[in-house]
Amino acid sequence: MSNQNETEKAPGKQEYNITVYTENQIGLLNRIAIIFTRRKINIHSLNTSPSEIESIHRFNIVVNETEEVVKKLSRQIEKQVEVLKVYFNTNDEVIWQELALYKVPTDIIAEKASVERLLRENGARAVVIRKDYTVFETTGHREETDALIKILQPFGLIEFVRSARVAIIKHSEGFNRKLREFEKAEPGEETSENEFLNNGQKIFTM
Amino acid sequence: MEKAQTILSETKPIETKEVSGSVALLEALIAEGTNVIFGYPGGAIMPIYDAIYDYKDKLNHILVRHEQGGIHAGQGFARTSGKVGVVFATSGPGATNLVTGLADAMIDSTPLVCITGQVFAHLLGTDAFQETDVINITTPVTKWNYQVTDANEIPEVISKAFYIARSGRPGPVLIDITKNAQLQKFDFSGYTPCNHIRSYRPKPLIRKEYIVQAAELINQAKKPFIIWGQGVILGEAEKEFKALVEKSGIPSAWTILGAGAIPTDHPLNVGMLGMHGNYGPNVLTNECDVLIAIGMRFDDRVTGRLDKYAKQAKIIHLDIDPSEIDKNVQTTVPVWGDCKETIPALTELIQKKDHHQWLQKFREFDKNEFDAVIQNELHPASGELTMGEVIHQLNELTKGEAVIVTDVGQHQMVACRYAKLNNSRSNVTSGGLGTMGFALPAAIGAKFGALQKTVVAVIGDGGFQMTIQELGTIMQSGVDVKILILNNRFLGMVRQWQELFNDNRYSFVDIQSPDFVAVAAAYGIKGRSISERENLSPALEEMLNNKGSFLLEVMVTKENNVFPMVPQGCSVSEIRLK
């Protein structure tokens, strides 16, 4: 029924990336968030941003749940009036990144050459260098940004922050063509995709 | 420049007139066919009330006694009329008093447009007098909500509100309008109803493949069973549904919100589903080979224990809301779409059949149920009056033509089980939310939605006291509602559970009531209280024949239990007759 390969049978929970295309409307974030909170499901990461189409917003939501739960959540989200389309994907099916910033005292960094090497090894780059502190930035998967925290901790890490996850669906063709169908009064196949019929497709769509 | 203007006016003659946001709102309501509004004024909605003063000939505003009464009246109106119920309330407490009704309308898919006043836009977020964050409070219990802060938005927002409320799976919509937007004058260029929102797909595309698959399953079935819900009524597909049932010859049972879609005494109508439903439909759910669910959502009160629910059956689920498919019960064939279209498509492909033997099985269970439960409930030889016999006598007099509005509890289950319904939209009850206090205000609205019908509100002594103030609405509006109180001097359903499952520990279910007849009299409503069997039929007759509202209190036996019953956590096939 899903996009998962036969070989990848995982009945338990795993990370899912829910991609939501929406109108830009005040209050919609709350409407979507309460679908999770009502079921006491924790949102691991939430990002809202513009999409490839002007005026259409895109949510990236990450949860750790079973496929069945994610499917039901996705349907509830798509049911909201201002939501155009919902997709959900496992981590294998998306390219994803998170951005992290690290603030460390400049004097320590400047003193110890090993730090510079470590930063380079971890793909970090300096964003701001001031006399008193330096801010480094890195992007990557959770483990990568986490690794650098551990590395910088002994060197007096002052502040750390990580962004929500952004994810691009590997097999997506984007939303432009679909949107034109949405703008028609009569529902077309793009707007009423049906999971059972779309069986075997790479992307699960509601 | 002058030329350009001429061209513009030639191609698109737009006449605008300057009106206030409040006037634009009322014009929009009229354009949507609204003729009755249930509401209660207050500070933040005063400009709208000032405007409605000049619209008294076009809009019948019913002054309720509490906003909860207003919204339940709106629900009752929507349920009998099939139109969108319209409710007005002010900001703050006025708006929060709508919440129960919104939740009720949301779970029972009732189309409503609620207009709430809000403080001036510049005061939002300042803890202004009677300011409350209505949009966020009502988000989980509305299909859609929106805050208007500029009068220019009003025509478009109201058209969207009506479109969203009534299309697809209906539901409540709340529009919060700040006071400045109500007062603001703007160029109103007329009202255009909405019929498309690009992000909103009320009707999923119907896939022929599924209709074919469903028809194949039905044609091969030996013991098919149809269970239907309110979707048939909301989709206005009663005729189509009846044709399906009659051609297929399949025994069909209903959820309480589906009651009346086909008449109670239709030979293929085998009765009520669920916790207090009929014996056969519950037990045989676990024996059928194909279960055809139409416009129903497999509520836990219908399914009982899910992992023992119809496991042997192939399941066909027809629903307009894709999120209902596989929500509770795994479907074999999902038929997404408007049942007004999917049912006839299915009927066309199925063979005409007569499942006589299978139907006979239902009849056998009926006989068991009649002997064990119904006989004593409807025709007790002696002892105190029972709720069932009151409903039975009422049927004898109304002949199934009345609208029956029920509250929540034992009397609701009894009324739903035994009321004779000849017509669709003649059963109004709070199904999903189980809102005590629903019946009296809902009956007021139900009457406005079906003026030619007799409306009987069947209410318990507990629920009646929750919205008893709406007697004032009846008094002032002169609406004709027959109030039938089944008084067992207990909060009966909770008492029943305490008896059966809590060792007779009656904890706060012993409820005292005022002299209901005297209360009614204080509101100028005629009434009578009876406790003897010989008075029952004449008293019901007096109630029904009375010109105008009437309150009849029937003192019924105190500790009767509603049976059959599927105890919580049990399978439908474990239904108990005692």
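An ellipsoid equivalent to the range B:295-441, defined through the eigenvalues of its Cα gyration tensor, has semi-axes of 32, 21, 18 Å when rounded to whole angstrom and sorted largest first.
Could you tell me the distance between the Cα centroids of the range B:100-141 and the range B:507-572, to the nearest Å? Centre-to-centre (Cα) distance: 35 Å.
Think of each Lys and Arg Cβ as +1 and each Asp and Glu Cβ as -1; about the Cα centre, that makes the dipole of chain B roughly 1100 debye. In plain terms, if you count all Cα to Cα distances in chain B and split them into 20 Å steps from zero, the share in each step is 21, 50, 26, 3, 0 percent. Mean sequence separation of contacting Cα pairs (under 8 Å, at least six apart), scaled by the length of the range B:208-361, corresponds to a relative contact order of 32 percent. Listed values for the range A:36-48 are Karplus-derived 3J(HN,Hα) couplings in whole Hz (6.51 cos²θ - 1.76 cosθ + 1.60, θ = phi - 60°), namely 7, 5, 4, 9, 6, 10, 7, 7, 6, 7, 9, 10, 10, and x replaces Gly and Pro.
Of all DSSP beta bridges confined to the range B:192-322, the antiparallel ones make up roughly 5%. D by Stokes-Einstein for the protein assembly as shown, Kirkwood Rh over Cα pairs, 4 °C, 1.567 mPa s: 45 µm²/s.
Rounding to the nearest 10 and keeping the result within 0 to 90°, find how far the Cα-based axis of helix B:21-31 lies from the longest principal axis of chain B. The helix B:21-31 is inclined about 50 degrees to chain B.
Solvent exposure of the protein assembly as shown amounts to 42 Å² per residue of accessible area, where only protein heavy atoms count and the probe is 1.4 Å. When both the range B:24-61 and the range B:347-391 are represented by their alpha-carbon centers, they are found 47 Å apart.
Can you list the residues of the range A:55-87 with backbone N under 14 Å from a point 7 Å past the Cα of A:Glu173, pointing along Cα to Cβ? Of the residues in the range A:55-87, none has backbone N under 14 Å from the label point off A:Glu173. A straight Cα-to-Cα reach below 12 Å connects B:Lys340 with the aspartates and glutamates B:Glu236, B:Glu238, B:Glu240, B:Asp319, residues fewer than 8 places away in its own chain not being considered.
Here the extension length gained between B:Gln130 and B:Arg533 equals 139.9 nm, from 0.36 nm per residue of separation less the Cα-Cα distance.
Per residue, the average separation of C-alpha pairs within less than 8 Å and at least 6 apart gives chain B a relative contact order of 15 percent.
Of the GluC sites (Glu not before Pro) found in the range B:179-284, the ones in coil according to DSSP and having at most 16 other Cβ atoms within 10 Å of their Cβ are B:Glu236. Given +1 at the Cβ of Lys and Arg, -1 at the Cβ of Asp and Glu and no other charges, the dipole of the range B:15-188 around its Cα centre is 560 debye to the nearest 20. Helix B:339-349 against the longest principal axis of chain B: what's the angle in degrees, Cα atoms only, rounded to the nearest 10? Rounded to the nearest ten degrees, it is 50. Per-residue accessible area (protein heavy atoms, 1.4 Å probe) orders B:Arg417, A:Arg177 as A:Arg177, B:Arg417, starting from the largest.
In chain B, the DSSP beta bridges split such that about 10 percent are antiparallel, to the nearest 5. Take each residue in B:445-455, count the other chain C-beta atoms within 10 Å of its C-beta, and the mean is 0. How much length is gained if the chain between B:Glu574 and B:Tyr506 is pulled fully straight, taking 0.36 nm per residue apart and subtracting their Cα-Cα distance, in nm to one decimal? Stretched out fully, the B:Glu574 to B:Tyr506 stretch lengthens by 21.9 nm. In a DSSP loop and with at most 11 other Cβ atoms within 10 Å, the GluC sites (Glu not before Pro) in the range A:1-110 are A:Glu6, A:Glu8, A:Glu54. Considering only DSSP beta bridges with both partners in the protein assembly as shown, what is the antiparallel share in %, to the nearest 5? Approximately 45 percent, going by the DSSP bridge assignments. For the range B:456-578, the fraction of 1.4 Å probe accessible surface lying on carbon and sulfur atoms is 48 percent. Taking the protein heavy atoms of the range B:15-188 in the context of the full set of protein chains, the accessible area attributed to carbon and sulfur is 50 percent at 1.4 Å. Counting 0.36 nm for each residue step from B:Asn545 to B:Glu156 and taking away their Cα separation leaves a gain of 135.4 nm. Both chains summed, the buried accessible area for B and A stands near 2900 Å², from protein heavy atoms and a 1.4 Å probe. Axis angle, to the nearest 10 degrees, between helix B:238-248 and the longest C-alpha principal axis of chain B: 30 degrees. If R0 is taken as 51 Å, the Cβ-Cβ distance between A:Glu137 and B:Met46 corresponds to a FRET efficiency of 0.40.
Of interest is the spacing of the C-alpha centroids, which for the range B:282-310 and the range A:114-130 amounts to 62 Å. Net charge of the neighbourhood of B:Ile374, taken over other residues with C-beta under 11 Å away and scored Lys/Arg +1, Asp/Glu -1, is -3. Consider a paramagnetic label point 7 Å from the Cα of B:Glu287 along Cα→Cβ; state which residues of the range B:242-269 have an amide N under 19 Å from it. Only B:249-254, B:268-269 pass the distance filter. The charge dipole of the protein assembly as shown, taken about the Cα centre with unit charges on the Cβ atoms of Lys, Arg (+1) and Asp, Glu (-1), comes to about 700 debye, rounded to the nearest 20.
Dipole orientation for the protein assembly as shown: of the candidates A:Asn176, B:Pro441, B:Ala78, A:Asn176 has the Cα lying most toward the positive pole (charges on Cβ; Lys, Arg +1; Asp, Glu -1).
Amide H contacts of B:Val405 (H built 1.01 Å from N, in plane; Pro and chain starts excluded): B:Val428, B:Val456, B:Ala457, B:Val458 sit under 5 Å, all sequence-distant by 5 or more or on other chains.
Seen from a random direction on average, the alpha-carbon convex hull of the range A:96-162 projects onto 3.8 square nanometres. With K and R counted +1 and D and E -1, the other residues having a Cβ less than 11 Å from that of B:Asp480 yield a net charge of +4. The share of alpha-carbon pairs in the range B:15-188 lying farther apart than 27 Å comes to 15%.
With a 10 Å cut-off around each Cβ of A:20-32, the average count of Cβ atoms from other chains is 2.
Per residue of peptide A:76-87, the mean number of Cβ atoms on other chains within 10 Å of the residue Cβ is 4. For the charge dipole of the protein assembly as shown, defined by +1 on Lys and Arg C-beta atoms and -1 on Asp and Glu C-beta atoms about the Cα centroid, which residue among B:Val403, B:Asn269, A:Gly156 has the Cα displaced farthest towards the positive pole? Towards the positive end, the residue furthest out is B:Asn269. Note: the range B:297-384, Cα convex hull, 182 Å³ per residue.
Below 19 Å, Cα to Cα, which aspartates and glutamates can A:Lys103 reach? Residues fewer than 8 away in the same chain don't count. Here the aspartates and glutamates satisfying the reach criterion relative to A:Lys103 are A:Glu111, A:Glu116, A:Glu121, A:Asp132, A:Glu137, A:Glu143, A:Glu144, A:Asp146, A:Glu159.
The values are calculated or read from the model by the stated rules, or taken from the named source; none is laboratory data. Every value quoted in this text rests on a predicted model; they were computed, and no experiment measured them. When we count neighbours, we look across all protein chains shown, and the Cβ atoms used for this are built from the backbone with ideal geometry, even at glycine. These area figures cover heavy atoms from the full protein model, side chains too; ligands, DNA and RNA do not enter into them. Shrake-Rupley method; radii C 1.70, N 1.55, O 1.52, S 1.80 Å.
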